[in-house]
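Worksheet for the structure shown next.
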Amino acid sequence: MPDNSDITSAQEDSAEEELLKLEPEELVAKYKSALNVWKRTAADFENFRKRREAESKELVEFAKEVTVLKLMPSLQSLEQVLYYAPQDEKYKDWLTGLKATIQQLEKTMEELGVVKIKTVGEQFDHEKHEAVEEVEGQSPGKIIKEVQPGFTLNNKVIIPAKVAVGK
């Protein structure tokens, strides 16, 4: 029984003999055909590589967005605790630690691309803000007070800011 190297060698010899029998024009045509196949394959591979790279980037962005959405309620809860925390001297060290934790989380969020939405003094924008209160006698459409901060990630609103608006 012949081994695979003998078969491959015989096939190569046969292919070489066929090429030697061809006219120069036929050789040029075969060369051009093989070159075109190679170019198409190279282009297909390049397109595959670019598509794969875009998919990977999209997946990372999606994972980042999910992570941020999962962490934001915790950050907001800590900020609410800080807002309503007693200002007694006996809680001073506790409040300092809480502020440091909040700052650390905010810094991490910033590094991930999270941006806090501007509110007070800005014109109300229904795509970024959620009006939860109207205040009489104030500039109509202007944001008077921030009730809860909002955030964007990659220029996409992930949590709208809850605000009080002038009426």
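The values are calculated or read from the model by the stated rules, or taken from the named source; none is laboratory data. Everything numeric here is computed off the predicted structure, so don't read it as measured data. No Cβ is skipped: glycine too gets one built from the backbone with ideal geometry, and neighbour counts run over all protein chains shown.
Key figures for this structure:
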{"quantity": "Some residue of the range 26-46 being polar (S, T, N, Q) and either under 27 Å from the mean Cα position of the chain (by Cα) or not in a helix (DSSP H, G or I) (or both)", "calculated": "no"}
{"quantity": "So Glu58, is it in a helix (DSSP H, G or I), surrounded by 15 or more Cβ atoms within 10 Å (Cβ to Cβ) and among the acidic types (Asp, Glu)", "calculated": "no"}
{"quantity": "Only one of Val163, Val135 that is at pLDDT below 90 and over 24 Å from the mean Cα position of the chain (by Cα)", "calculated": "Val135"}
{"quantity": "The listed residue being within 26 Å of Gly150 (Cα to Cα) and either without any contact (Cβ under 8 Å) to a residue 12 or more places away in the chain or among the aliphatic types (A, V, I, L, M) (or both), out of Leu35, Leu105, Leu27", "calculated": "Leu105"}
{"quantity": "Residue within the range 22-45 that is within 28 Å of Ala131 (Cβ to Cβ), aliphatic (A, V, I, L, M) and at pLDDT 90 or above present", "calculated": "no"}
{"quantity": "Test: residue in the range 143-152 that is in contact with a Gly (Cβ under 8 Å, 6 or more places away or on another chain) and either at negative phi or among the charged types (D, E, K, R) (or both)", "calculated": "yes"}
{"quantity": "Residue in the range 113-122 that is within 30 Å of Phe62 (Cα to Cα), out of contact with any strand residue (DSSP E or B) (no Cβ under 8 Å at 6 or more places or on another chain) and not charged (D, E, K, R) present", "calculated": "no"}
{"quantity": "Where Glu79 falls short, out of the listed (1) touching a residue at least 40 places away in the same chain (Cβ under 8 Å); (2) among the acidic types (Asp, Glu); (3) touching a Lys or Arg at 6+ places or on another chain (Cβ under 9 Å)", "calculated": "(3)"}
{"quantity": "Odd one out for Lys70 among (1) surrounded by 10 or more Cβ atoms within 10 Å (Cβ to Cβ); (2) closer than 25 Å to Gln148 by Cβ", "calculated": "(1)"}
{"quantity": "Every residue from the range 76-107 that is in a helix (DSSP H, G or I) and touching a helix residue (DSSP H, G or I) at 6+ places or on another chain (Cβ under 8 Å)", "calculated": "Leu78, Glu79, Val81, Leu82, Leu95, Leu98, Lys99, Thr101, Ile102, Leu105, Glu106"}
{"quantity": "In the range 115-167, the residues that are surrounded by 16 or more Cβ atoms within 10 Å (Cβ to Cβ), touching a residue at least 40 places away in the same chain (Cβ under 8 Å) and part of a loop (DSSP other than H, G, I, E, B)", "calculated": "Ile117, Thr119, Phe124, Pro149, Pro160"}
